[in-house]
Amino acid sequence: MSRNAAPRGQSATGDPLLLTPGPLTTSKAVKAVMVHDWGSRDAAFLKINKTVLDRLPEIIHGAGAFVTIPMQGSGTFAVEAMLTTFVPTTGKCLLLVNGAYGQRARKILEIARRAVVVHETPEDTPPDLARLDAILAADPSISHVFIVHCETTSGILNPVAAIADIVKKHGRRLLIDAMSAFGAIALDARTTQFDAVAASSNKCIEGVPGLGFVLARTTAIAETKGHATTLVLDLHDQWQTFAKTGQYRFTPPIHVIVSFHQALVEFFEEGGQPGRGARYVDNGRVLVAGMQALGFQPLLPESLQAPIIYTFHMPKEPRFDFQRFYDALKDRGYVIYPGKLTVADSFRIGCIGRIDANDMRGFLANVAEVLSLMGIRDLGHAA
């Protein structure tokens, strides 16, 4: 097979395709709107910003019951703002942990000196629902429960709706980190009870990095005055300032917000969450089938896999060198992710962003060529 047989990966602007869980490949239009400047208090920018904030609750069927509270910074800024605003200093949070982002939430709360309880399962295992039920029954001091919707450490999809039902049964409050799932995986506030969900601009809405946000149940955020232990991350104060002035307390990432507005336009044009999610599912279907045909083995069964990022076991084939594999794919226009598991050697491939099934087929053709260049004809049952 010749060096140029497989198509080179490139976006509409000629950049490599980012097969990662975000930042990710964005459309040409999402990039193009950032060439202009706006004043942070100009009417034109404030109108764009208001449209973004007003439309986001529609994605969870929460219009009228939820308010969008933006938070300058990466997604972790929004998660920390959510946790430290909603969990009071007198509260206790049960963390359902099966990956690095659950562990990050634990660190956030411990630094903020909030009481925590941890129910941890392996990175390829969802929370034990019976155990969750028992923990809440045994400890009435637990005020909140935290879960990551899609834990990109492995790509696992956690059972948020079932968790919400148990939390509701015990009269506790649920907080969701939907950073990598928001906009692609259904989350319906009409049937799933939660106080807040955190996400960001640079994931499944396909914007650029720089803006986190929390969709908060209005009745719940109204109860959080005085909970925050930092000025910048006080969601209640941010919410109240917007209600009074329509403006940010501190300088907003203006270009990011205008770009996010364009990304939202494209998101709804694609059919919203059902349309965007369907494309990602198709990407994942093509990816897994192709990788398995080449001898790679996915970490998770289909029943636990979210269509966001897929983890594959590192092959035991002695001629397989991951750094060489990674560099060769990058040279061909495809950027993948190293593994993040603590229990197995692995690597990850994302299916989100402005990519489709044809891009995934091009990627697979390049994987086959790279394996051939490494002198590997058959990985067999790599694990």
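The values are calculated or read from the model by the stated rules, or taken from the named source; none is laboratory data. Bear in mind that the values here come from a model prediction, so they are computed numbers and not experimental data. Glycine also receives a Cβ, built like all others from the backbone with ideal geometry; neighbour counts cover every protein chain displayed.
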Could you tell me whether the range 55-73 includes any residue that is over 16 Å from Val197 (Cβ atoms), surrounded by 16 or more Cβ atoms within 10 Å (Cβ to Cβ) and in the same structural domain as Ser200 (by TED's automatic domain parsing)? yes
Can you tell me how many residues in the range 280-301 are within 18 Å of the chain's Cα centre (by Cα) and crowded, with 20+ Cβ neighbours inside 10 Å? 3
Could you tell me whether Ala29 is touching a residue at least 24 places away in the same chain (Cβ under 8 Å), touching a strand residue (DSSP E or B) at 6+ places or on another chain (Cβ under 7 Å) and more than 24 Å from Thr152 (Cβ to Cβ)? no
Residue by residue through the range 325-345, note down the ones that are modelled with pLDDT of 95 or more and either in contact with a strand residue (DSSP E or B) (Cβ under 8 Å, 6 or more places away or on another chain) or surrounded by fewer than 21 Cβ atoms within 10 Å (Cβ to Cβ) (or both). Phe325, Tyr326, Asp327, Ala328, Leu329, Lys330, Asp331, Gly333, Tyr334, Val335, Ile336
Anything in the range 315-349 that is in a loop (DSSP other than H, G, I, E, B) and either of a type in the set (S, T, N, Q) or within 20 Å of the chain's Cα centre (by Cα) (or both)? List them, or say none. Ile336, Gly339, Lys340, Leu341, Thr342
Condition first: within 26 Å of Ala78 (Cβ to Cβ) and assigned to a loop (DSSP other than H, G, I, E, B). Now tell me which residues in the range 130-158 satisfy that. Ile142, Ser143, His149, Thr152, Thr153, Ser154, Gly155, Asn158
Tell me, which residue of the range 206-220 that is buried (at least 24 other Cβ atoms within 10 Å of the Cβ) and farther than 17 Å from Thr76 by Cβ is farthest from the chain's Cα centre (by Cα)? Ala216
Output the residue which, of all residues in the range 77-116 that are crowded, with 17+ Cβ neighbours inside 10 Å and of a type in the set (Val, Ile, Thr), is farthest from Pro209 (Cα to Cα). Val116
Could you run through the range 350-371 and say how many residues are part of a helix (DSSP H, G or I) and either free of Cβ contacts under 8 Å to residues at least 40 places away in the same chain or not hydrophobic (A, V, I, L, M, F, W, C) (or both)? 6
Inter-residue pairs, beta-carbon under 6 Å, first closer than 18 Å to Leu19 by Cα and in the range 332-349, second surrounded by fewer than 18 Cβ atoms within 10 Å (Cβ to Cβ) and not β-branched (Val, Ile, Thr), 6+ apart: Arg332/Arg8; Gly333/Arg8; Gly333/Gln10; Gly333/Pro16; Val335/Pro16; Lys340/Ala100; Phe347/Pro338
Looking at the range 234-259 only, could you name the residues that are assigned to a helix (DSSP H, G or I), touching a Phe, Trp or Tyr at 6+ places or on another chain (Cβ under 9 Å) and surrounded by 20 or more Cβ atoms within 10 Å (Cβ to Cβ)? Leu235, Gln238, Ile254, Ile257, Val258
